[in-house]
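Reviewing the structure listed below.
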Amino acid sequence: MRFRRLGRTGLDISELTLGTSALTAAARSDVAEAGALVALALDRGVNAIELDAGDSAAATLLGEILRRENARDRVHVLVRATSLVAFDLPSPHVPVQDAYPGRHLRAETEALLVTLGVERLALQQLHAWCPEWQHEGDWLETLERLRAEGKIAGFGVSLFDHDVAAGFEIVASGRIASVQAMYNVFDPGAARALLPLCRKHDVGVIARAPLYYGALGGRLEFPRDDWRHDYFFDEHRRETGERVEHLRAVTPPDQSLADMALRFCLSHPAVSTVAVGMRNRAQLEANLQAVLAGPLDPDIGTALAKHAWLC
């Protein structure tokens, strides 16, 4: 496994981050497989795990696995905080003090430390970040205190899909250690300005949705209880499927589409890691193989530019 620096946190994290979005679903069907998946990831050198703080089932399961594997001291958990207010995205016009008051961020962070059985979270991130929040509320003061207390290594923001411009001001401010943003073959928009800005200001980048929610991994049909069933509504599913086939036609025969998609993300030097939701060990093995193959040849990366679509 190769490692990259996560911005000002100073932490070296694995190029592949295990996303837990699929972990609870995997555990519902086979809890032993879910545990084996995490154990294998740790054994193969994956030291970064991405967690939605509001997913209590995933946090509990992860805590149990980390204790069983005696891995609490060798894992960096990247957390997205839970908003107290439901809002429309990407411009909610909700005061940050309503969504992320300092008392809530502290309580959620300290509760997660207990649930996970760790002394420190690698990151606490404000999810679906809005630029106006930079100048509101007590979130910044609270997160700075949590960092000073050693309860988090750093803090950052998580941007809503396709809304990379929302991160420009906060990245340039020097206040945050990381940004989590959608970045994939279909939506490489972050590479135009956000990623160079992050590199300039030593802000780590977590590439979210590198497989575009499974589409670049060859999956576009989902059960009704999976949020992606509604996300890929009929017209969107049809167009995405057509674009996947166009991309498949230019994929080298010795590579899978998912392989190329992950390597595309890691070809940008500003990207610290790619966060991928995985349900079983077979998916993990395939993703590890792709990541370990290294960045794409520059000519392939150039050819992929014409497949940009969502940015």
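Evaluation of Gln180 against the conditions (1) more than 26 Å from Ala57 (Cα to Cα); (2) out of contact with any helix residue (DSSP H, G or I) (no Cβ under 7 Å at 6 or more places or on another chain); (3) buried (at least 19 other Cβ atoms within 10 Å of the Cβ) shows that the sole unmet condition is (1).
Looking across Arg4, Arg44, one residue alone is in contact with a strand residue (DSSP E or B) (Cβ under 8 Å, 6 or more places away or on another chain) and either touching a residue at least 40 places away in the same chain (Cβ under 8 Å) or more than 18 Å from Arg279 (Cβ to Cβ) (or both). It is Arg4. Residues that are over 15 Å from the mean Cα position of the chain (by Cα), among the aliphatic types (A, V, I, L, M) and closer than 20 Å to Asp202 by Cα within the range 1-31 comprise just one, Leu11. Here Arg44, Arg103, Arg4 are screened, and the one residue that is among the basic types (Lys, Arg), open to solvent by 60 Å² or more (accessible area, probe 1.4 Å) and under 24 Å from Ala261 (Cβ atoms) is Arg44.
Of all residues in the range 211-229, those satisfying the criterion of being under 13 Å from Leu310 (Cβ atoms) and either touching a Cys at 6+ places or on another chain (Cβ under 6 Å) or in a loop (DSSP other than H, G, I, E, B) (or both) are Tyr212, Tyr213. Considering the range 263-290, and only residues there that are of a type outside the set (D, E, K, R), part of a loop (DSSP other than H, G, I, E, B) and touching a residue at least 60 places away in the same chain (Cβ under 8 Å), the residue that is most open to solvent (accessible area, probe 1.4 Å) turns out to be Pro269.
Identify the residue in the range 186-222 that is more than 18 Å from His268 (Cα to Cα) and not aromatic (Phe, Trp, Tyr) and, among all such residues, is modelled with the lowest pLDDT. By that ranking, first place goes to Gly218. Take Thr302 and tell me if it is under 12 Å from Glu15 (Cβ atoms) and either open to solvent by less than 50 Å² (accessible area, probe 1.4 Å) or polar (S, T, N, Q) (or both). For Thr302, the condition - under 12 Å from Glu15 (Cβ atoms) and either open to solvent by less than 50 Å² (accessible area, probe 1.4 Å) or polar (S, T, N, Q) (or both) - is not met. When the range 230-250 is limited to residues that are assigned to a loop (DSSP other than H, G, I, E, B) and open to solvent by 20 Å² or more (accessible area, probe 1.4 Å), the one that is modelled with the highest pLDDT turns out to be Phe233. Filtered by the rule that a residue be open to solvent by 10 Å² or more (accessible area, probe 1.4 Å) and touching a strand residue (DSSP E or B) at 6+ places or on another chain (Cβ under 8 Å), the range 76-100 gives His76, Arg80, Thr82, Ser83. Condition check: among the polar types (S, T, N, Q) and over 15 Å from Val77 (Cα atoms). Does Thr24 satisfy that? For Thr24, the condition - among the polar types (S, T, N, Q) and over 15 Å from Val77 (Cα atoms) - is met.
Taking the listed residues Gly19, Gly35, Gly54, Gly10, the one that is open to solvent by 20 Å² or more (accessible area, probe 1.4 Å), in contact with an Asp or Glu (Cβ under 9 Å, 6 or more places away or on another chain) and either over 21 Å from Ile176 (Cα atoms) or modelled with pLDDT of 90 or more (or both) is Gly54, with no other qualifying. Is it true that Asp225 is at pLDDT 95 or above and open to solvent by 50 Å² or more (accessible area, probe 1.4 Å)? The answer is no for Asp225. State which residue is least open to solvent (accessible area, probe 1.4 Å) when the search covers only the range 106-124 and only residues that are touching a residue at least 12 places away in the same chain (Cβ under 8 Å) and β-branched (Val, Ile, Thr). Filtering the range 106-124 for residues that are touching a residue at least 12 places away in the same chain (Cβ under 8 Å) and β-branched (Val, Ile, Thr), the one least open to solvent (accessible area, probe 1.4 Å) comes out as Thr109.
Once the range 134-163 is narrowed to residues that are aromatic (Phe, Trp, Tyr) and modelled with pLDDT of 95 or more, the residue that is surrounded by the most Cβ atoms within 10 Å (Cβ to Cβ) is Phe155.
Looking only at the range 57-71, residues that are open to solvent by less than 20 Å² (accessible area, probe 1.4 Å), over 23 Å from Val157 (Cβ atoms) and small (Gly, Ala, Ser) come to 2 in all. Of all residues in the range 251-262, those that are open to solvent by 80 Å² or more (accessible area, probe 1.4 Å) and of a type in the set (D, E, K, R) total 1.
The values are calculated or read from the model by the stated rules, or taken from the named source; none is laboratory data. Just so we're clear, the structure is a prediction, and the values are computed from it rather than from any experiment. Positions of Cβ are generated from backbone atoms using ideal geometry, with glycine treated the same way; all protein chains shown enter the neighbour counts. Heads up: the accessible areas ignore ligands, DNA and RNA and are worked out on the full protein's heavy atoms, side chains in. Shrake-Rupley method; radii C 1.70, N 1.55, O 1.52, S 1.80 Å.
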